[in-house]
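Here the structure comes first, spelled out in structure tokens, and everything after it is commentary.
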Amino acid sequence: MRPQRLLPNGESFVIRLNGQLMRVHAGMTVAAAILEAGMASRLSVRGDRRQPLCGMGICYECRASIDGQAHQRTCQIQCRPGMTVVAG
Amino acid sequence: MSEAFDLVVVGAGPGGLAAAATAAESGMRVCLLDDNPSAGGQIWRTGLGDGPVKTARRWLRRIEIARVEARFGWRAVVAPAPGVLRIEQSGLFADLEYAALVLATGARERFLPFPGWTLPGVYGAGGLQAFVKSGFSVRGKRVVIAGTGPLLPAVAAHLRAAGARIVSVVEQAPMRRLLKFSAGLLGGQTGKLFEGAGYALRLAGVPYRTGAWIMRAHGDERLERVTILAGLNVFELEADMLAFGYHLVPNTELAQLLHCKLDRGYVRVDELQRTSVKGIYCVGESTGIGGVDKAQLEGRIAALATAGRPDEARTLTGARDRQMNFVRSLADAFALRDELRYLPEDDTLVCRCEDVPYRGLGGCGSLREAKLHTRCGMGPCQGRICGAASEFLFGWKAPAPRPPLFPVEVATLAGVIESAPARDN
């Protein structure tokens, strides 16, 4: 787990990203967590690693599986305590 | 499940907030909808631990006091009957009935393909700004910002404040056009943003190159460096991240689904923001890219018109028309140069959803033909990214969108099927 910046009065909690525990700040989007971990959000149809692009729910490059639900746009969803994310 | 409102506003950016607050203060029952988890749109997106900016905070207080029903994290996907919008959130859906509808769906960045643009480490300019505001750290990272538009210096200033090392800002427009644009600025919020960000960058010694553009992004697993063309010079810069975008394209899909007519790619409206469809209004970037001042004015005009106060609405149209001059000067200043059409190589992907390369697309006569032959535009973004790109590359007009506007769960579609017989009888 990489060190996280601390925000004043910021709450933090733990999510599980590709099997690893990661501490995130309240309000952080799942896309930001994936980027912070240096991971790909998805593999393209020919198998290329892709990361989120538009940040506003349009491009679908950020989609990953959240709590068993596939193809979720991670840039529009905030992390919740105990959330399980499978990306890449 | 269905709920009825006097007014539904789609999009909670500056235009939508202004429309919702103004209408609710006139006594209308208003629902304000946004796909994002919170209000403010892209321009007023807040960082973790930051409160909303002052203007946004004022509107947020007003929608709360006026009891606007806010539905954030929901998006409109289909129109099952006239006067009804079906909205969706992670597989849940609900129907909203409306007497009047304000579309404030904003704009997205235009992305033009170049070799390497799909590498990890290459992000949208506004995209990277949004990721940083939602918790991604760029501290100490070397970032190149490229493309065109007033957003680039603003993004650079924001990322620099977040600790990034801005290697260069690369603007394709020539300096003479930018000087003309700066000289003609109205002094509104959008203009100030551009000028203020440019000033901050000059103070910080960040090179702002004009008449220059990205030719290629290099890297194995992720971005390592970029090739830039500036005049006759070609040079490489090492970078951890590239943030790029070629100004904005309006989000007109919902307006088109509801049969509102477009005019040169934007939603056509009259002096009171009325579209070609009775009861449907459009405000903000979808009627012309012009920024926060224009969007708020248009939101107020549309709301006053729906609330039966057209005379008050007309007191604001003069100011709105002056903003339309700014729309035209923005479009002129940041018009795309022809050379950008020749950046993709044969194996450069144009459609990122379906991995469709440039090779072969030029032989198609339209996006529809390209869809049939290559699957270009058939992926989950439904052509929102490659449609804007191929319009520039090949001159193709994007075909009218088909429902649903976004991929949705079967349960949501099942709701559509159930409501179909009533409509057919």
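What follows draws every value from the coordinates through simple rules; no lab data is involved. Keep in mind the model is a prediction, meaning the values are calculated, not measured. Neighbour counts run over all protein chains shown; Cβ positions are idealised from the backbone, glycine included.
Distance from the Cα centre of region B:192-228 to that of region B:130-162, in angstrom?
One Cα centre to the other: 10 Å.
Roughly how many Å is it from the Cα centre of region B:284-358 to that of region B:27-59, as a whole number?
20
To the nearest 10 degrees, how steep is helix B:292-306 against the longest Cα principal axis of chain B, on a 0 to 90 scale?
Taking Cα atoms only, the helix is inclined about 10 degrees.
Taking amide H atoms as placed 1.01 Å from N in the peptide plane, list the residues 5 or more away in sequence, or in a different chain, whose amide H sits under 5 Å from that of B:Ser168.
B:Ile145
Each residue of region B:133-140 in order: what ³J(HN,Hα) in whole Hz does its phi give by Karplus 6.51 cos²θ - 1.76 cosθ + 1.60, θ = phi - 60°, with x for Gly and Pro?
Computed from phi, the couplings for region B:133-140 are 5, 9, x, 7, 8, 10, 4, x Hz.
Which of B:Lys54/B:Lys180; B:Lys371/B:Lys397; B:Lys278/B:Lys397 have a Cα-Cα distance over 19 Å?
B:Lys54/B:Lys180; B:Lys278/B:Lys397
If packing is taken as the mean number of other Cβ atoms within 10 Å per residue, what is the order of B:308-315, B:365-372, B:119-126, highest first?
Top to bottom by mean Cβ count within 10 Å: B:119-126, B:365-372, B:308-315.
Once the Cα atoms of helix B:410-424 and of chain B are each reduced to a long axis, what angle between those two axes, in degrees from 0 to 90 to the nearest 10, is obtained?
50
If each residue's Cβ is checked for other Cβ atoms within 10 Å, how do B:Asp338, B:Asp293, B:Asp34, B:Asp95 rank with the fewest at the top?
On the way: B:Asp338 7, B:Asp293 22, B:Asp34 27, B:Asp95 18.
The order, fewest Cβ neighbours first, is B:Asp338, B:Asp95, B:Asp293, B:Asp34.
What does the average come to when, for each residue of peptide A:30-40, you count the partner chain Cβ atoms lying within 10 Å of its Cβ?
On the way: counts 2, 6, 9, 3, 2, 12, 4, 0, 3, 1, 3.
For this peptide, the per-residue mean of nearby foreign Cβ atoms is 4.
Non-local amide H neighbours of B:Gly377 (under 5 Å, H modeled in plane, Pro and chain starts lacking H): which ones?
Amide H neighbours of B:Gly377, under 5 Å, 5+ apart: B:Glu354.
Place a point 7 Å from Cα of A:Ser12 in the direction of its Cβ. Which residues in region A:52-88 have their backbone N less than 16 Å from it?
Once the point is set 7 Å along Cα→Cβ of A:Ser12, A:79-82 turn out to lie under 16 Å by backbone N, inside region A:52-88.
Read phi for every residue in region B:351-357 and hand back ³J(HN,Hα) as whole Hz from Karplus 6.51 cos²θ - 1.76 cosθ + 1.60, θ = phi - 60°, with x for Gly and Pro.
9, 6, 5, 10, 6, 9, x
Once amide H atoms are placed 1.01 Å from N in the peptide plane, what residues at a sequence separation of 5 or more from A:Ser12, or on another chain, have their amide H within under 5 Å of its amide H?
It is A:Ala26, by chain and number.
Do the sum for the protein assembly as shown: with -39,500 (n - 2.57) for every DSSP H run of n ≥ 4, divided by all residues, what is the mean residue ellipticity at 222 nm, to the nearest 500 deg cm²/dmol?
The helix contribution divided over the protein assembly as shown gives -9000 deg cm²/dmol.
Return the sequence-ordered ³J(HN,Hα) values of region A:54-69 in whole Hz as given by the Karplus equation 6.51 cos²θ - 1.76 cosθ + 1.60 applied to θ = phi - 60°, using x for Gly and Pro.
8, x, 9, x, 9, 8, 6, 6, 8, 6, 8, 8, 10, 6, x, 8
Would you mind computing, in nm to one decimal, how far apart the modelled labels at A:Leu21 and B:Leu203 are, each placed 7 Å from Cα along Cα→Cβ?
4.4
Calculate how steeply helix B:14-25 sits against the longest principal axis of the alpha-carbon atoms of chain B, using the helix alpha-carbon long axis, and give the answer as 0 to 90 degrees to the nearest 10.
Here the helix axis deviates by roughly 20 degrees.
Quick one: net charge around B:Gly245, please, counting Lys, Arg +1 and Asp, Glu -1 for every other residue with C-beta under 12 Å from its C-beta.
Net of charged neighbours comes to 0.
Nearest 0.05, what FRET efficiency do B:Lys261 and B:Leu237 give at R0 = 60 Å with Cβ-Cβ as r?
My answer for the efficiency is 0.85.
Taking neighbour counts of Cβ atoms within 10 Å as a proxy for exposure, in what order, fewest first, do B:Thr22, B:Thr374 appear?
B:Thr374, B:Thr22
May I ask you to sort B:Cys364, B:Cys351 by Cβ crowding, counting other Cβ atoms within 10 Å and putting the fewest first?
The order, fewest Cβ neighbours first, is B:Cys364, B:Cys351.
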